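The values are calculated or read from the model by the stated rules, or taken from the named source; none is laboratory data. As the structure is a prediction and not an experimental result, all values here were calculated from the model. A quick note on method: Cβ atoms are made from the backbone with ideal geometry, for glycine too, and the neighbour counts reach across all protein chains shown. Only protein heavy atoms, including side chains, enter the accessible area calculation; ligands, DNA and RNA are left aside. Shrake-Rupley method; radii C 1.70, N 1.55, O 1.52, S 1.80 Å.
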Amino acid sequence: MSKSYSIKLLSLLLIFISLMKIEVLGQQANDSIFNQRVTLPTNRNSIYHTLNQLSDSIGLLFAYESKLVESDKIIKPKISHITLRNALNQILNDTTLSYKVIDNHILIYKNKEETNGLNTKQANNTQGYKILRGYVLDSQTQQPLSYVTIGLPEIAMGTTTNLDGAFILKIPKATQATNLLISHIGYKTKKIPITLFAQSAISIFLETDIISIQEVIIRNIDPKQLITDALQKIQDNYSRVPVYYTSFYREGVVKNKKYQNYSEAIFKIYKSPIQKQFESDQVRLIKSRKTQNLEPTDTLSIKLKGGIHSSLALDIVKNIPSFLDESYWNKYTFKRSDMVSIDGITAFAISFNLKEGVTDPLLEGVIYIDVNSLAILGADLNISPANITQVTDMFVHKRNRQFKFKPVSISYSVRYTSINGTHYLSHVRGDLRFKYRFRRNLFNSSFHLFFELLNTQIDTSNVARFNRKDTEPIQKVFLDNSYQYDQTFWDDQNIIPPEKSIYEGLKDIKTKIEEIESE
């Protein structure tokens, strides 16, 4: 045996012994934590609040999927100088649950979990990435939180929760990122170790973030001047170079709570620099899939017109809307309505409403502006309810003339994310609700149209405009796109998981272009 070979063999043996030692020490540390003695007050309380009391006592946080733990169940535990493990067994009263310490968390999980509410076909192929699944809820009400930002700023990758508060994020296995950042307007930002998601989905409870007056110097701020200052800082706060977005897009039409159509796509978007106001963005369609439910008995069907165009047009920093255009300000009343926390950043919430007597179908709502950088962080918008009858034809395609159509509400949400101090468009959502009735009928029925764009990854390397022949006409009806089926492709993409309402709405569809799997 050569000397060099012996040295290599010895090195490998030492590494193996070291790993065994680390594993033993790790197990000993786990045993030490679970063997510590704890005491809690003997009060009737929910499991959720009892676990919070225990968390305060031991200095560790609990992580679990809400479906595994009856958080609302009222218990009266008798925990007096017993081991932490026994205390958890008494609180949870479920022998199928196991516990593990990960960083500063105790993970509660099932050893052999067969399924969970987020499992879909995408979970089957995990060769190049790992899948993080979870739910985000309000810590007080335990209600799901929609449109929560889930991100890994280090690799410019992220997603958002759906209407049920659920998310799925696929990240490269080789990523150096260690923590998931969860943030939402008005809530404290949370960092969650990625390793917590290895066993099962995790429920994340966000606490409301109350900003004390002492944290911010409250001045007699003119909201119009604040918006003016924010507009002047656009060149500093947003990308001055072109970027590529990898984007997930979806849209749907719901008639009387029944889906008529539902479409999804992955786009590559060329986003032009902020200073080039007249250079258009470009969209290249990578893949699309859709499901339709138009039966012969349907006397009325509609399509969403220009949902892709609307998504890009809602980049209010690049495409200045009326409420940011000083020439329209005589039509608005502006007010500093609140201070909120967004991504751990304190922001002004500036409300703007049309003055009485203004009949133009203009946007109203709230815009959020970073107190320090004056970056526009997002906005919640709606078309003035008194004036929306003028805009029906902007959104609805192929209306039946035998029906009277009336818009009820049109609302939008737009958010930006900050990466190393530069802000990028991250999420856009539009919801359009209409009533319709046959011209000789007294009773109304309803339509709900929605579109949503999520930029899941941002790339600033080697960015160039697409060839015109490769781009998607963003003004056309997206539903009319040709269908492409490629399950392997969709397995690898970050998408917003469909809500339960979509699952329920699609499960009875008879004419399917593609099967969309339910829970």
**OP:** Pull up all non-local amide H partners of ILE419: gap of 5 or more, or a different chain, and H-to-H distance under 5 Å with H placed in the peptide plane.
**Re:** TYR424
**OP:** Enter the accessible area per residue of region 332-387 (Å², integer; probe 1.4 Å; all protein chains in place).
**Re:** 38 Å²
Original post:
What is the distance, in nm, between label points placed 7 Å from the Cα along the Cα-to-Cβ direction at GLN140 and at ALA464?
Top reply: 5.4 nm
Original post:
Around SER272, what is the net charge, scoring Lys/Arg as +1 and Asp/Glu as -1 over all other residues with Cβ under 12 Å from its Cβ?
Top reply: +2
Original post:
So which GluC sites (Glu not before Pro) in region 243-289 end up in coil per DSSP with only 15 or fewer other C-beta atoms within 10 Å?
Top reply: GLU279
Original post:
Quick one: accessible area per residue over region 27-98, 1.4 Å probe, rounded to a whole number of Å²?
Top reply: 55 Å²
Original post:
Can you run phi through the Karplus equation (6.51, -1.76, 1.60; θ = phi - 60°) for region 335-343 and list ³J(HN,Hα) in whole Hz, with x for Gly and Pro?
Top reply: 8, 7, 8, 6, 10, 10, 10, 10, 6
Subject >> Note, ³J(HN,Hα) from phi for region 370-379, Karplus 6.51, -1.76, 1.60, rounded to Hz, x at Gly and Pro >> reply: 4, 4, 8, 7, 6, 6, 7, 9, x, 7
Original post:
Roughly to the nearest percent, how much of the accessible area of region 251-296 is carbon and sulfur, given a 1.4 Å probe?
Top reply: 52 percent
**OP:** Would you kindly find the accessible area of MET157, with a 1.4 Å probe and non-protein molecules such as ligands, DNA and RNA excluded, rounding to the nearest 10 Å²?
**Re:** 20 Å²
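Contour minus end-to-end for LEU97 and ALA313, with contour as 0.36 nm per residue of separation and end-to-end as the Cα-Cα distance?
That works out to 72.9 nm of additional length.
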Subject >> Accessible surface of region 324-364, 1.4 Å probe, proportion on carbon and sulfur as whole % >> reply: 41 percent
Original post:
Which cross-chain or sequence-distant (5 or more) residues have an amide H under 5 Å from the amide H of ILE106, H modelled 1.01 Å from N in plane?
Top reply: LEU61, PHE62, ALA63
**OP:** Could you check the simple spin-label distance between GLU326 and ILE75, using points 7 Å along Cα→Cβ, in nm with one decimal?
**Re:** 6.2 nm
Subject >> Difference of contour (0.36 nm per residue) and Cα-Cα distance, GLN457 to LYS191 >> reply: 93.8 nm
Original post:
In nm, to one decimal, how far is the modelled label at ARG85 from the one at VAL241, with both set 7 Å along Cα→Cβ?
Top reply: 5.4 nm
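So how much slack lies between ARG37 and THR333, counting 0.36 nm per residue of separation and subtracting their Cα-Cα distance, in nm?
Result for the pair: 100.6 nm of gain on full extension.
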